[in-house]
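Structure first, commentary second.
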Amino acid sequence: MQKLRRSPALMLGLAGLAFFVVLGIVAPFIWTDRAETLTDQTHLAASAEHWFGTDALGRDIFARTMVATRLTLLMCLATTAIAAVGGIGFGAAIWVGGPRVRALGQRVIDVLISYPSVIFALAMVAILGPGVGTSIVAIGLATCPAFARLTTNLAASIAGRDFVSTARLLGVPPSRLLRRHILPNIAEPLLVLLSVAFTVSLKALSGLSFLGVGVQAPDYDWGAVLHKGLEGIYLNPWPALGPSLVIILAGLSGGLIGDGLAAAVNPAAGRKRGYRAKVEALTSVPAYDAHDEDALAVADRLSVVLPDGTRLVDEVSFAIKPSEVLGLVGESGSGKSLTAMALAKLLPDDLTAVAGTLKVGDLDLNGRPPAGRLATEIGIVYQDPSASFNPTLKLGGQLTETLRKHGGASRAAAAEQAVGQLAAARVTLPEQRLKQYPYELSGGMRQRAMIASALLTSPKLLIADEPTTALDVTVQAEVLGLLREANERDGTAILLISHDVGVISAICDRVVVMYAGRIVETLPIERLRAGEAEHPYTHALLAATPTLHSPVDEPLSSIPGRPPHPAGRPAGCAFASRCPLARQQCHDELPVLTVTDTGATACHALHWDKEVLA
Ligand SMILES: Nc1ncnc2c1ncn2[C@@H]1O[C@H](COP(=O)(O)OP(=O)(O)OP(=O)(O)O)[C@@H](O)[C@H]1O
């Protein structure tokens, strides 16, 4: 509810709807007499006594509009209910019915949805005759396909999720699967459609009555009042304008509710505003490493912040020199990917990067760098080669897109460059690959193609986020070799993210160790390889990493406990509760990064008797 309260559109829409509901309840008690008593004061213009004038039978049109509120809202409600129950029911039934029923059902929905609902409703009215009941059923049924399609589409997207697969594996029958696992997970978009359907029904029902085939006398809804008001519109516009205005206001309320609900159920929507006020000022602690004048990429006190002010990444500072391979290592959730994505300006909408300096070359990432330069100067290789490419497009188009869009290359020149880069990345049959879809390549081949794609624009910085995690060991080694080769051949600086110390040791020059969103140590790779880290967390990571020399009969060391969530980081060292060396000071005071001969470490133990770390 807190989320809903934050949406002004929703609140305004709900206030509007509440007004009309109250009006619908009280209006018939107040205005029925004026609305239905025939008088000889016919076709009067709008005046203080008759705000919207009078009709051909001398009835007050304002009073009729007010009284019609109840019937109009009740009809909209009934129509929406029919559409929702029928549509969701149909969508759910064909989803449960198995693949054949689903395919057939979806065709039926596609056909039904292609006909405008008012045409469908008119056909029904022609068969059943006009009236309140017919209008409700006609518009309700005509709106069903929209619900049915959303239900099947959403159910299909949820059906592929792991928890549904697990339930299937456990033999949960489809109807129960739908009830317990699928419908609760698709309720929010359906709710949004519900409010949209309410507005659509209002328009359609009013339209039918306006055409004279909806509500019939002696009943009247807003559309019927509008129908009568149209008779003398050139002499007296208010009998038509008044009811139209009310229909527009009610429709607007429904629309605002739909927009507000959509924003409220989308966690990324509407959150950005005001976040900066919640971010505390940057600390004045000098950023270790970030002042290197020759550095290619600099992150100085970079924080990644949630709208509520939680720092998922908390003031990390590092610099990457040209031609350097910097490793970012840490357990899952330590903030590695967010740090890298901040550097590529690819954070999700609900997250914000705040930094003293954030730049790659002369590209200031704190500002609004031109999209073309971002796309060409920073390359990215993701973890999952199967998700890195769009499965519906051939590789050729995807590989050459940036070159053509931002580099101004012709189709032929871009293709030639792509072939060359694929060959350099040891993708076999490079020309042929351009005509293939991503799924036609093996996982390793796809990752090589991804690396080729990222290097095509000769980026200054290549970000490789767990580039080998999804690959088997031999392909892993080849992919790491390719990255190192690009680095040595073209001087591309690389930020390599991994939770695997072994991968980091294999190709990096220097390593930054992250824990719970902060840097705990930076050190040259030789020291990491020699096991000469300063921080107990780095030691623990090393001890948990298998090597060829690890005794097979001894279990690997593991780090007991779990890192704290960024929102619940303790006042002192975040690693203290898991640290074998922790003293009271560690729980009370946050250790700052202390520069050592070869790097920097944030650990109180550094200042104690050296032997405790031995
Ligand atoms: N959009 C988001 N909204 C809220 N929290 C997020 C969001 N993205 C990431 N987080 C949280 O931020 C923290 C850091 O995430 P990040 O993905 O950077 O970790 P990581 O070290 O790369 O881990 P992994 O190796 O598992 O990807 C985690 O606690 C994660 O749950």
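The values are calculated or read from the model by the stated rules, or taken from the named source; none is laboratory data. These figures come from a predicted structure and were not determined experimentally. Don't worry about glycine lacking a Cβ; one is built from the backbone with ideal geometry, like all the others, and counts go over all protein chains shown. These area figures cover heavy atoms from the full protein model, side chains too; ligands, DNA and RNA do not enter into them. Shrake-Rupley method; radii C 1.70, N 1.55, O 1.52, S 1.80 Å.
Below is a table of values for the structure above.
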read-out: The range 334-477: C-alpha gyration tensor shape, a/c 1.5 cut-off, then a/b vs b/c; value: oblate
read-out: Longest exposed-site-free window of the chain, the sites being chymotrypsin sites (Phe, Trp or Tyr not before Pro) in a DSSP loop that have at most 16 other C-beta atoms within 10 Å; value: 235-607
read-out: Volume of the Cα convex hull of the range 116-170, divided per residue and given in Å³; value: 92 Å³
read-out: Directionally averaged shadow of the chain, computed from the convex hull of its alpha-carbon atoms, nm²; value: 38.0 nm²
read-out: Ellipticity estimate at 222 nm from DSSP helix runs (n ≥ 4, -39,500 (n - 2.57)) divided over the chain, nearest 500; value: -16000 deg cm²/dmol
read-out: Percent RCO, i.e. relative contact order, over the range 457-549, from Cα pairs under 8 Å lying at least 6 residues apart; value: 22 percent
read-out: Extended-chain gain in nm, criterion 0.36 nm per residue less alpha-carbon gap, residue 346 and residue 176; value: 57.3 nm
read-out: Relative contact order (percent, whole number), the chain, Cα cutoff 8 Å, 6+ residue spacing; value: 11 percent
read-out: For the range 56-65, Karplus couplings with θ = phi - 60° (6.51, -1.76, 1.60), whole Hz, Gly/Pro x; value: 5, 9, x, 8, 6, 6, 4, 4, 5, 5
read-out: Where the range 461-509 is the region considered: accessible area per residue in Å², 1.4 Å probe; value: 33 Å²
read-out: Accessible area of the chain belonging to carbon and sulfur atoms, whole % at 1.4 Å probe; value: 60 percent
read-out: C-alpha long axis of helix 411-424 to longest principal axis of the chain, angle in °; value: 40 degrees
read-out: Radius of gyration and maximum dimension Dmax of the range 23-165, Cα, Å; value: 22.0, 72
read-out: Residue 435 accessible area, assembled protein chains, probe 1.4 Å, Å²; value: 140 Å²
read-out: Principal-axis tilt of helix 117-128 within the chain, Cα atoms, nearest 10 degrees; value: 40 degrees
read-out: Two-decimal ratio, the range 455-530, of alpha-carbon radius of gyration to 2.2 N^0.38 Å; value: 1.12
read-out: Probe 1.4 Å, all protein chains present, accessible-area order of 539, 499, 604, largest first; value: 499, 539, 604
read-out: Per-residue SASA entry for residue 388, accessible area with 1.4 Å probe, Å² rounded to 10; value: 30 Å²
read-out: Electrostatic dipole magnitude of the chain [Cβ: Lys, Arg +1; Asp, Glu -1; Cα centre; debye, to 20]; value: 1720 debye
read-out: Cross-link table 321/435; 336/394; 345/394; 336/460; 359/394, entries beyond 28 Å C-alpha to C-alpha; value: 321/435; 336/394; 359/394
read-out: Folded to 0 to 90 degrees: helix 395-406 orientation relative to the chain principal axis, Cα; value: 90 degrees
read-out: Rotationally averaged projected area of the range 398-554 (alpha carbon convex hull; nm²); value: 11.3 nm²
read-out: Cα-based equivalent ellipsoid, the range 83-140: semi-axes from gyration tensor eigenvalues, Å; value: 26, 13, 8
read-out: Euclidean distance of C-alpha centroids, the range 166-240 and the range 93-118, integer Å; value: 20 Å
read-out: log₁₀ of I(q)/I(0) at q = 0.14, 0.15, 0.16, 0.20 Å⁻¹ - the range 185-225, Debye sum with one point per alpha carbon; value: -0.41, -0.44, -0.48, -0.59
read-out: 10 Å Cβ shell holding at most 15 others, DSSP loop, GluC sites (Glu not before Pro): longest site-free stretch of the chain; value: 294-531
